[in-house]
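Okay, structure first, notes after.
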Amino acid sequence: MNLPSIINPEELQVLDQENIVTVNAGSGDAAYKKYILEHLDNALYVDLNKDLAEIPNDAKNGGRHPLPTLDKFSEVLQSLGISEQSHVIVYDDQNGTNAAARFWWMLRSAGIENTQVLNGGLQNAKNKGSKINSNKVEPKKVEKISLKHWKLPLVDIDFVEKVSENTDYLVIDVRDKDRYAGKSEPIDEIAGHIPGAVNIPFKDNLNADGTFKQPKILQKKYVEFLKDIPSHKIIIHCGSGVTACHTLLALDYAGFKIPNLYIGSWSEWSRNDKPIATNL
């Protein structure tokens, strides 16, 4: 039986820790320094930019966070002591909205089915009395996994352009409303959105305290948008293929089949002379 994609701190506290690989997913030097100072007991560290992406010289080529090669990701998994049989718990300090969701998607796409994201991240775990320390952690020794392909569906920029305004398809932009509308763009060079895309901000997946809304609530919310559109005709994107994984996580948690991820997202689209829409 597949595990739910979200796990609460209270549930994690009573599990047999010997069978678990816990990973703090972060992004950048500040996040790593914070991990060194405090992390969940036995948690290892993985970095979004160094381990979960292959950053190009120009985001025009695949966006700001393209996937790494399968061989590189296999090495990352081995360095963390993760095998195909591992039960992996992933968390970050941003309620799972950033590197944790991306790592969850990559693990599931690599065939690591027993992967869960810690609800509410590090702060919620602290609030619920989880064991926190600064101990150095040594990974288990495991064989390198041979990865042949990503098992979860991906689409590229050409496919998105082909179907974005086709009403048989649904393209979902999970960025905040102002970025989608073209009112602001703090990261990429051009503001706006992909023509035909609808806006469902990923932050709406969360309660005010940063925990995920209950599956039934998420299901009711998304069924209004997804209607009867099959998963292979649904495309999720964001700025650079990271927070889009948060919505993929929410959809999985709510019981939907995981739809397509457009990794390049707005950071790639906006740099390739593609049509731009705004709500201005």
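The values are calculated or read from the model by the stated rules, or taken from the named source; none is laboratory data. What you see is a predicted model, and the numbers here were worked out from it, not measured in a lab. Here the Cβ positions follow ideal geometry from the backbone for every residue, glycine too, while neighbour counts run over all protein chains shown.
Pull up the range 69-91, narrow it to residues that are among the hydroxyl-bearing types (Ser, Thr, Tyr) and either in contact (Cβ under 8 Å) with a residue 60 or more places away in the chain or buried (at least 21 other Cβ atoms within 10 Å of the Cβ) (or both), then point me to the one that is nearest to Ile263 (Cα to Cα). Here the residue is Ser74. Which count do you get for residues in the range 174-184 that are touching a residue at least 12 places away in the same chain (Cβ under 8 Å), assigned to a loop (DSSP other than H, G, I, E, B) and not β-branched (Val, Ile, Thr)? So the answer is 4. None of Asp188, Asp178, Asp209, Asp204 is over 21 Å from Gly96 (Cβ atoms) and surrounded by fewer than 17 Cβ atoms within 10 Å (Cβ to Cβ) except Asp178. Only one of the numbered conditions (1) surrounded by fewer than 17 Cβ atoms within 10 Å (Cβ to Cβ); (2) under 20 Å from the mean Cα position of the chain (by Cα); (3) of a type in the set (Asp, Glu) is not met by Asp252, and that is (1). Among the residues of the range 230-239, at least one is within 18 Å of Leu67 (Cα to Cα), out of contact with any Lys or Arg (no Cβ under 9 Å at 6 or more places or on another chain), of a type outside the set (Lys, Arg) and crowded, with 24+ Cβ neighbours inside 10 Å.
Selection over the range 17-61 of residues that are assigned to a helix (DSSP H, G or I) and within 16 Å of the chain's Cα centre (by Cα) gives a count of 4.
Yes or no: the range 237-254 includes at least one residue that is in the same structural domain as Val198 (by TED's automatic domain parsing), more than 13 Å from Val160 (Cα to Cα) and at pLDDT below 95. No, the conditions are met nowhere in the range 237-254. Summed over the range 117-153, residues that are under 21 Å from Phe256 (Cβ atoms) and either assigned to a loop (DSSP other than H, G, I, E, B) or in the same structural domain as Asn260 (by TED's automatic domain parsing) (or both) total 5. Among the conditions (1) surrounded by fewer than 23 Cβ atoms within 10 Å (Cβ to Cβ); (2) not in a helix (DSSP H, G or I), Lys162 misses just one, which is (2). Given (1) in contact with a Ser or Thr (Cβ under 7 Å, 6 or more places away or on another chain); (2) surrounded by fewer than 22 Cβ atoms within 10 Å (Cβ to Cβ); (3) touching a residue at least 60 places away in the same chain (Cβ under 8 Å), identify the lone condition not met by Val117. Only one criterion is unmet by Val117, namely (2).
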